[in-house]
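Everything on this sheet refers to the single structure shown next.
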Amino acid sequence: MIYLVRHGQSTWNVQRRTQGQLSHPPLTARGRRQVAAAGAAITADLQAAGRRVDVFVSSDLLRTRQTAAILAAGRPVVLDRRLREQHLGRLQGMADDAAAAATEGVDWTDPDVAIGGGESARQVHDRMAAVVTAYRDRVAVLVSHGDAVRHAVGWWDGHEPARGPWVTVRSAAVFVLADPGRHRELVIAGTAPPA
């Protein structure tokens, strides 16, 4: 059983800046509260199932490491670069509006387009499939990023890259991957959009 968690709100989420694989934007106070609420939801779900976490695994980027540290509450966290966000090349660090303008005309349904000169949807889909497969036989909390989580959920549900239904991945969202072909999202108390 995998709990796939997006990091809490970061300073760049608030500033509406494209993060990609840039490592330095930290969590905000709101982001820390979101993560604490996500942790409570995971704990309740585990208690209902009579299970406990075997391993915490996180992307090595700061916002996910901070998220994982809150969730793990002093337990060890394994860092895995495969959980990183989609690399967005030259778009990383740009204001979201500028990044959107720079990608006008991009065919987002083409899984092999490398957005901004970074990674394609297929590349992210494949590496997220590999990391989920590596931990699927354990009770694992995997801490990642919005687009990466979306690709992992799509793969789990049986969709090809860039072909499945759009999955909204809010800050500190938790998706449970237990039954192949069907994910579920935990309801997190006190969470709502944005970022």
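The values are calculated or read from the model by the stated rules, or taken from the named source; none is laboratory data. Since we're looking at a predicted model, the values are computed, not measured. Note that each Cβ is placed from the backbone with ideal geometry, even for glycine, and that neighbours are counted across all protein chains shown.
Structure data summary
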| item | result |
| --- | --- |
| Scan of region 47-90 for residues that are out of contact with any strand residue (DSSP E or B) (no Cβ under 9 Å at 6 or more places or on another chain), within 23 Å of Thr28 (Cβ to Cβ) and in contact (Cβ under 8 Å) with a residue 40 or more places away in the chain, ordered by number | Leu61, Leu88 |
| Filtered residue count, region 139-171, keeping only those that are assigned to a loop (DSSP other than H, G, I, E, B), within 17 Å of Asp80 (Cα to Cα) and more than 11 Å from the chain's Cα centre (by Cα) | 1 |
| Filtered residue count, region 54-70, keeping only those that are closer than 21 Å to Val187 by Cα and out of contact with any Ser or Thr (no Cβ under 9 Å at 6 or more places or on another chain) | 2 |
| Count of residues meeting criterion [in a loop (DSSP other than H, G, I, E, B) and at pLDDT 85 or above] in region 172-195 | 3 |
| Pair list, Cβ < 7 Å and 6+ apart or interchain, from region 1-17 residues that are touching a residue at least 12 places away in the same chain (Cβ under 8 Å) to residues that are buried (at least 24 other Cβ atoms within 10 Å of the Cβ) and charged (D, E, K, R) | His7/Arg63; Ser10/Arg63 |
| Close pairs (6 angstrom Cβ cut-off, 6 or more residues apart or separate chains): at positive phi and of a type outside the set (D, E, K, R) in region 152-180, surrounded by fewer than 21 Cβ atoms within 10 Å (Cβ to Cβ) and part of a loop (DSSP other than H, G, I, E, B) anywhere | Gly158/Gly181; Ala162/Thr109; Ala162/Pro111 |
| Flag if Arg63 is under 17 Å from Gly8 (Cα atoms) and at pLDDT 95 or above | yes |
| All positions within region 91-122 that are more than 18 Å from Gln19 (Cα to Cα) and either of a type outside the set (Asp, Glu) or in contact (Cβ under 8 Å) with a residue 12 or more places away in the chain (or both) | Gly105, Val106, Trp108, Thr109, Asp110, Pro111, Val113, Arg122 |
| Candidates Gln15, Gln86, Gln21, filtered to the one that is at pLDDT below 95 and touching a His at 6+ places or on another chain (Cβ under 6 Å) | Gln21 |
| Pairs with Cβ under 9 Å, 6+ apart, first in region 26-46 and closer than 13 Å to Val176 by Cα, second part of a helix (DSSP H, G or I) and among the polar types (S, T, N, Q) | Ala38/Thr67 |
| Qualifying residues in region 97-138 (those that are of a type outside the set (Lys, Arg), under 18 Å from the mean Cα position of the chain (by Cα) and part of a loop (DSSP other than H, G, I, E, B)) - the one surrounded by the fewest Cβ atoms within 10 Å (Cβ to Cβ) | Gly118 |
